[in-house]
Each structure stands twice: as structure tokens, then as C-alpha cells.
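Some notes on the structure that comes next.
The values are calculated or read from the model by the stated rules, or taken from the named source; none is laboratory data. The shown structure was predicted, so the numbers you read here are calculated from the model rather than taken from an experiment. Don't worry about glycine lacking a Cβ; one is built from the backbone with ideal geometry, like all the others, and counts go over all protein chains shown.
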Amino acid sequence: MSYHFTFDLSKLSQALFFEITSYTEKELIPESISEKAKELVQKFNIVEKTGLNLDDAIVLIRDIIDAHVKNFMLKTQFTNAKNKALFLPHCCRKYMDSRCKATFNTEYSSYSCNHCSKDCLVHQAIKVAKKKKYDVYVLPGGSCVQKILKKHTYEGIVGVACTDELKLGTKILSQCMTPSQSVPLTKNGCSETQFNIEMLQRVLDEKDAKNKKK
């Protein structure tokens, strides 16, 4: 499942994402999410700033809100989980050619990062995740998730992907009864995709944040 359009939200105000996060902590019904998406598209001038048409912009923002809602609903279960894994999309690599020194593991259909570029999002994400004892997989597609889960059992999963791919991943994980957290891409496409590394770190630090409140 893929969007028929490309998008780049990486240069939009972070206030958009803070407002989405705040909104998802309320009691929501599907109709209210759609209305909120329309409101945010207008408030942050997303059509003008991204070049998306109105309908596509609303669909995208609604899907991002929906991903955050699912995060909120599963947060407690996820926080209490022990062994966890992070799934990253390979399209976030700085290079998609021989300049990237990652090696491909056929057993898991996953790339192993060799940390050739310090400003690569994959390198940065792995560095943060490893400190939190996460296993990390850099995947060429969402279909690889099932292959990994057949070989390893995880109590919690963090997935970074385009929101339409997150829908598929969340469905697979719900069938496995594995709580998950999602970090939507802020820029999609087949290469040079982006996500917010600070948002990922907040998700990975969730257990630490809980312990500090005690």
C-alpha cells in the first residue's frame, strides 16, 4: 500500500507536530480526527507550503494523527515491554548507491549499517537505539517484518515508516499481540526520506521518562 503522491513536511513548523501530539491525548472518534486534520491543514498552510492538493494533504495529516492516536493507546503496554526492536526504512540512508557501506543480511532481509556517514539518519537512529538495548533492523520494505518476527520474539516494536506503511505494520503487529510505537516519515519517496530524530528519541526514551517520574 503506497500513497500516489510524494510529500515533504520536514520544513514545516514543529508546532504542527506538537499540536498533533497534544491532540491525541484526548478522547477521540474518527469523525473528530478528520475535522482536526482539515483544521491543521488550513492553520499551517500545508497546501501552499508542500504543493499537495487539499484532499491529499487532509489524508496525510489524518493518517499522522491516527498513528499518534495508536501510539497513545499502546503506550503503557509498550513502556512495560522488555526486549524491543527498532525497524528503520532503508530509504532513509544518506546514500542509496555504493557510497553506502551497509551490508545486506539475507537471513533477515535487513541491512547492517557500517556507520560510514555520521550525518546519515540511519546511523544516528541506530546509535540512539543501541544505547537503549534495542535490536535494529534496516528494512527494504514492510513485508520483511513478518520474516523477522518468525525468527525472534519481541515484546515491543518501534517502527519508522511512511504512514501508509505504518498501517500495514501495525496490523501485522496487532495480530501478533505486540505493542508498537510509530514514528511517521516527514518526507517520503524512494530515497532521501526523512523522519524527526528527536521524535524517535522521545519514543525510545519512554521507559526512562516513566522511571524519572517515580
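So which of Ser182, Ser98, Ser112 is within 30 Å of Ile46 (Cβ to Cβ) and either within 15 Å of the chain's Cα centre (by Cα) or not aromatic (Phe, Trp, Tyr) (or both)?
Values: Ser98 fails: within 30 Å of Ile46 (Cβ to Cβ); Ser112 fails: within 30 Å of Ile46 (Cβ to Cβ).
None of the other options fit; the residue is Ser182.
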Would a scan of the stretch 101-117 turn up a residue that is in contact with a Pro (Cβ under 7 Å, 6 or more places away or on another chain) and touching a residue at least 12 places away in the same chain (Cβ under 8 Å)? yes
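What's the total number of residues in the stretch 17-59 that are farther than 21 Å from Lys75 by Cβ and not in a loop (DSSP other than H, G, I, E, B)?
Residues of the stretch 17-59 farther than 21 Å from Lys75 by Cβ: 31, 34-35, 37-59.
Narrowing further to those that are not in a loop (DSSP other than H, G, I, E, B): 31, 34-35, 37-43, 46-50, 54-59.
The qualifying residues number 21.
Restricting to the stretch 14-34, and then to whatever is surrounded by 12 or more Cβ atoms within 10 Å (Cβ to Cβ) and either over 17 Å from the mean Cα position of the chain (by Cα) or among the hydroxyl-bearing types (Ser, Thr, Tyr) (or both), can you tell me which residue is farthest from Ile197 (Cα to Cα)? Lay out the reasoning, then the answer.
Let us first name the residues in the stretch 14-34 that are surrounded by 12 or more Cβ atoms within 10 Å (Cβ to Cβ), namely 16-17, 19-21, 23-24, 28, 32-34.
Next cut, either over 17 Å from the mean Cα position of the chain (by Cα) or among the hydroxyl-bearing types (Ser, Thr, Tyr) (or both) only: 19, 21, 23-24, 28, 32-34.
Values: Glu19: 18, Thr21: 16, Tyr23: 21, Thr24: 20, Leu28: 27, Ser32: 29, Ile33: 25, Ser34: 27 Å.
Selected residue: Ser32.
Take the stretch 171-180 and flag every residue that is out of contact with any Leu (no Cβ under 7 Å at 6 or more places or on another chain) and either of a type outside the set (Ser, Thr, Tyr) or surrounded by 23 or more Cβ atoms within 10 Å (Cβ to Cβ) (or both).
Looking only at the stretch 171-180, we keep the residues that are out of contact with any Leu (no Cβ under 7 Å at 6 or more places or on another chain), and these are 171-175, 177-178.
Residues satisfying the conditions are Lys171, Ile172, Leu173, Gln175, Met177.
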Looking only at the stretch 74-94, filter to residues that are out of contact with any Pro (no Cβ under 9 Å at 6 or more places or on another chain) and at pLDDT 95 or above; which one of those is surrounded by the fewest Cβ atoms within 10 Å (Cβ to Cβ)? Lys94
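Filter the stretch 127-143 for residues that are under 20 Å from Cys162 (Cα atoms) and hydroxyl-bearing (Ser, Thr, Tyr) and give the result.
Kept after step one, since they are under 20 Å from Cys162 (Cα atoms), are these residues of the stretch 127-143: 129, 136-143.
Those that are under 20 Å from Cys162 (Cα atoms) and hydroxyl-bearing (Ser, Thr, Tyr): Tyr137, Ser143.
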Evaluation of Cys144 against (1) under 20 Å from Ser2 (Cβ atoms); (2) in contact with a helix residue (DSSP H, G or I) (Cβ under 9 Å, 6 or more places away or on another chain) (one fails), failing number: (2)
For the stretch 124-151, which residues satisfy the criterion of being crowded, with 17+ Cβ neighbours inside 10 Å, assigned to a loop (DSSP other than H, G, I, E, B) and either within 14 Å of the chain's Cα centre (by Cα) or acidic (Asp, Glu) (or both)? Gly142
